[in-house]
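The values are calculated or read from the model by the stated rules, or taken from the named source; none is laboratory data. Computed from a predicted model, the values in this text were never measured in an experiment. Backbone-built Cβ (ideal geometry, glycine too); neighbour counts: all protein chains shown. In case anyone asks, the SASA skips ligands and DNA or RNA and just uses the protein heavy atoms, side chains included. Shrake-Rupley method; radii C 1.70, N 1.55, O 1.52, S 1.80 Å.
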Amino acid sequence: LSNNFDFSRSIANNIPPVPISGRAVVPRVKYDFTTAFLDPSSLPIEGLNLALKTALEDEGQDLAYYPHPQGHPKMREFITDKLKLERSMEIDPDQVILTTGSGQAVARVIELLTNPNDTVITEEFSYQGTLNILRRYGAKLVGAPMDREGIIPEALDKILHRLHKTATKAKYIYTIPTFQNPTGADMSLERRKSFLQIARNHNIPIFEDDCYADLRFTGENTPSLYALDDTNSVVYCGSFSKILAPGMRLGFMVVPKGLVENIKAIHLGATPSQFAILATLYFLKDHLSEHVQKLTTIFHSRKDTAFGAVGEAFGNIVKCDNPDGGLYLWLEFPPNCDLASILPKAREYGMSWGTGAGFSPGQDRKNYMRLCYGHLEPSIIRDGIHQIADFLRQEQII
Ligand SMILES: Cc1ncc(COP(=O)(O)O)c(C=O)c1O
C-alpha cells in the first residue's frame, strides 16, 4: 500500500478535466491580454477601508448570526435601486440573491435549469466559464449567429424552427446582451425587442448575463432584457467584479418570484462573506457614480489606444469593431489563421490572448483573438499589440 492515496479513481464522473487555463495563468506574461483584470491602481483601497470600518461599527455584531439566506437585505435593496435607475428594472429586493460573483450566479441558474442532453442556445461566441459549466451539466450547445448588435433574431428564429423539426425544444437561451464577452457586441433597443419577440414566439426563457452593463463609454444605457420583457421569462445576473474588484467575489442574480425558493434550495449557506458585502455596500452607497465614471474614463482611453494599435499593427488583415464599452477587443483573422495552437509559443515570448476556440460552443473557431486591455498601461498595450503582430508575421500565421 502506498502512503500517498491516489484519488484519481475516486473522482466523480461529471467532474471536468483540469482546464488548460487553470494551469496556465501563473506566471503572468508581460503582454497579458488574456484575462479581464482591473487596473490595480484604480482600486479604492482607502475608501474600502473606511467603508468596512464604519460598517463594522454600525453592524459588526450581526456577524454573530448566520446571514439572511438570500444575502444582506440592505445590499439587496441597494441592488434593486441601482437596477431601477440604470437598467429600468422594476423588481422587489426579495427577488435578489447574492452570490460570490456572477460566475456563481451562472452556475446556480444552469444547475437549476439544465438536465443532461438539454439543448441550450448561446451566442456563437460566449463566455468560456459559462460554456464550461453548461458542458459539465451535459447541455448540448448551439451557437446562434451574431453581429455587432448581438444575436441576429432571424437567425435565432431559423435555429429554433430547425430544432423544432427534430422534435427538440431549446431549454433556454443564455445571452450577454450588453458589451458581450468576448465580442463587445451591444444589443440596441430595437434588437432587444425583436430578440425577445422571437424567444416569446417559441416560448423559451432567457438567461441574461449583464455583468458589463456598467462599463459604457458613450451613448445612453439601453434597458435590460429583463426590463423589456413582460412575461416573467428572464432570469438575470450581474456583478461587482467589473466595477469594483473581481477579488471581492460579489455578484447577484434576479429571478422571477416563482423561482426564488428553488434557487434558495440549492444556494443554502452559500451567500458571500459579510465582509465583502459590507465593504462594497458602504463604499458604493456614497461613491457609485463617481467611481464608475473614473473606471470608464480609464477603460475608454485604453480601448482607444488598443483599437488604434490594432489598426496600425494589422491594417486590413483583421476585422475589429470599435466597441462603446466593456473590456474587450475582438479580432477576426483570415479563416486559415490558427491562433490557438501558437499560443504556448507566444507565451514563451511574453504575450498571450484569448482565442476563439475557447469561446465557441464547438471549440473550433481558431481564427479569432480576444484582447483585454483594462489592466494594462497604454504603452504596454501599444507595444504588446505590435509585438503580437510581429510574432504572428514571424511565425507566418499572417
Ligand atoms: C459574461 C461573464 N459572466 C460572468 C463572469 C464571471 O465574473 P465574476 O464571477 O467575477 O462576476 C464573467 C467574467 O469575466 C463574464 O465575462
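So the values come out like this:
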item	result
When residues of region 211-234 are limited to those that are β-branched (Val, Ile, Thr) and open to solvent by 10 Å² or more (accessible area, probe 1.4 Å), the one farthest from the ligand (Cβ to nearest atom)	THR231
Matching residues in region 268-302 - criterion: being over 26 Å from ALA105 (Cβ atoms) and open to solvent by less than 20 Å² (accessible area, probe 1.4 Å)	ARG302
Conditions (1) within 10 Å of the ligand (Cβ to nearest atom); (2) closer than 26 Å to MET369 by Cα; (3) surrounded by fewer than 19 Cβ atoms within 10 Å (Cβ to Cβ); number of the one not met by SER241	(3)
Criterion violated by ILE176 - all others in (1) more than 16 Å from the ligand (Cβ to nearest atom); (2) under 14 Å from the mean Cα position of the chain (by Cα) satisfied	(1)
Region 318-331: number of residues that are open to solvent by 60 Å² or more (accessible area, probe 1.4 Å) and either under 23 Å from ARG393 (Cα atoms) or among the basic types (Lys, Arg) (or both)	2
Test: PRO344 is out of contact with any strand residue (DSSP E or B) (no Cβ under 7 Å at 6 or more places or on another chain), at pLDDT below 95 and open to solvent by 10 Å² or more (accessible area, probe 1.4 Å)	yes
Filtered residue count, region 361-382, keeping only those that are open to solvent by less than 70 Å² (accessible area, probe 1.4 Å), touching a helix residue (DSSP H, G or I) at 6+ places or on another chain (Cβ under 8 Å) and under 30 Å from LEU295 (Cα atoms)	10
Cβ pairs under 7 Å, 6+ apart, first in region 88-108 and at positive phi, second basic (Lys, Arg) and within 16 Å of the ligand (Cβ to nearest atom)	GLY101/ARG249
Options ILE91, ILE121: the member that is within 16 Å of the ligand (Cβ to nearest atom) and touching a strand residue (DSSP E or B) at 6+ places or on another chain (Cβ under 6 Å)	ILE121
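For every residue, the table says whether it meets (1) open to solvent by 30 Å² or more (accessible area, probe 1.4 Å); (2) away from the ligand (no atom under 16 Å from the Cβ).
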{"site": "VAL106", "(1), (2)": "no, no"}
{"site": "THR114", "(1), (2)": "no, yes"}
{"site": "ASN117", "(1), (2)": "yes, yes"}
{"site": "SER126", "(1), (2)": "no, no"}
{"site": "GLY129", "(1), (2)": "no, no"}
{"site": "LEU141", "(1), (2)": "yes, no"}
{"site": "GLU154", "(1), (2)": "yes, yes"}
